[in-house]
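Read the figures in this text as sums done on the coordinates, not as results from a lab. The structure displayed is predicted, hence computed values, not measured ones. Neighbour counts run over all protein chains shown; Cβ positions are idealised from the backbone, glycine included.
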Amino acid sequence: MKIKKVLILMIILVTCLLRWPTIASGQQEKELSQSVKELQEKIKELEKTVKDQQRTIEQAKKAYERVKKQLDEQIQENERLKTLCEKAGIITTELKKTAFEAGDIVYRGKKRTQKWFERMYERFYDKIAYFGGDYVEKRELSKYRTTGGLEVLSVLSYGEVLAINDDGFVRHLYGLNQNFVDGASLPGGTLLQTGVYEYVSVSGAHKTVPSCTVYVYEPLTREQFADAITSGFKLISYEKRGEKIVERPIR
């Protein structure tokens with residue numbers, strides 16, 4: 001009886017030992033399968049990220065090309081306008097900054113101190129305009145035409161349009177520093193005529209209209225103010241006395 005029990009136990013042990021590699025192999029296969037699945041998911045995720053990044057790069061390239069094209073057009077147009085201005089005798093270079101010291105400022109034939117200069121600058125720096133290559137009183141800008149009532153008739157390029165008013169009068173405007181669409185109203189500003197512009201209308205007729213840039217007022221810098229008063233600009237203070245405005249030139 002004891003021998004029989006021992007044999008049965010031996011048989012069970014041998015059977016378990018024979019099945020052990022199969023069980024271990026199945027567990028390994030299961031773990032390997034799980035690892036492969038995770039790897040495949042990771043690959044899919046990375047592929048999606050790569051595609052998204054490639055799409056972003058392509059969009060950035062297209063945006064760059066658009067901006068570069070606009071810049072090239074602006075540079076070309078700027079050179080064309082500068083050439084036209086030079087032919088018309090219009091100075092387009094910016095006013096150079098001038099260095100000045102106390103005693104260098106001469107106003108109405110008299111040397112002025114730095115203290116006097118600073119006092120006058122504080123009073124008049126925002127009452128003078130550098131307009132059309134010359135210095136004028138800011139209040140005189142109201143005498144010039146403005147963009148009021150003008151709307152875009154036709155877009156020519158970036159910041160350049162043909163504009164029309166309510167009376168049907170057409171003007172060529174440039175240097176607007178923004179894009180427009182046909183029919184859009186123009187931003188406020190004073191018109192500075194710099195020459196004429198020729199174009200062909202939809203009917204085939206050749207037209208010549210005033211060419212203008214939109215002037216946006218900026219107060220004078222100290223250098224500009226020094227240049228204005230040393231080049232002959234006369235400072236005038238305006239005082240209201242009753243119903244009258246009295247002029248008081250600065251001597």
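What percent of all Cα-Cα pairs in region 105-249 falls into each 10 Å bin, going from 0 up to the bin containing the maximum distance?
P(r) for region 105-249, in whole percents per bin: 10, 32, 24, 19, 12, 3, 0.
For each of 106, 155, count neighbouring Cβ atoms within 10 Å of the residue's Cβ, then give the residues from fewest to most.
Fewest to most other Cβ atoms nearby, the residues stand as 106, 155.
Given the peptides 221-230, 43-52, arrange them by the average over their residues of other C-beta atoms within 10 Å, most packed first.
My ranking of the peptides, most packed first, is 221-230, 43-52.
Among the listed pairs 143/240; 110/143; 143/244; 111/240, which are separated by more than 27 Å between their Cα atoms?
110/143; 111/240
Starting from 0.36 nm per residue, how many nanometres of slack lie between residue 121 and residue 34 once their C-alpha separation is accounted for?
Once the chain is fully extended between residue 121 and residue 34, it gains 23.2 nm.
Once each part is reduced to its C-alpha centroid, what is the distance from region 198-249 to region 148-186 in angstrom?
Value for the Cα centre distance between the two parts: 21 Å.
Compute the signed sum of charges (Lys and Arg +1, Asp and Glu -1) over the other residues within less than 10 Å, Cβ to Cβ, of residue 161.
That works out to -2.
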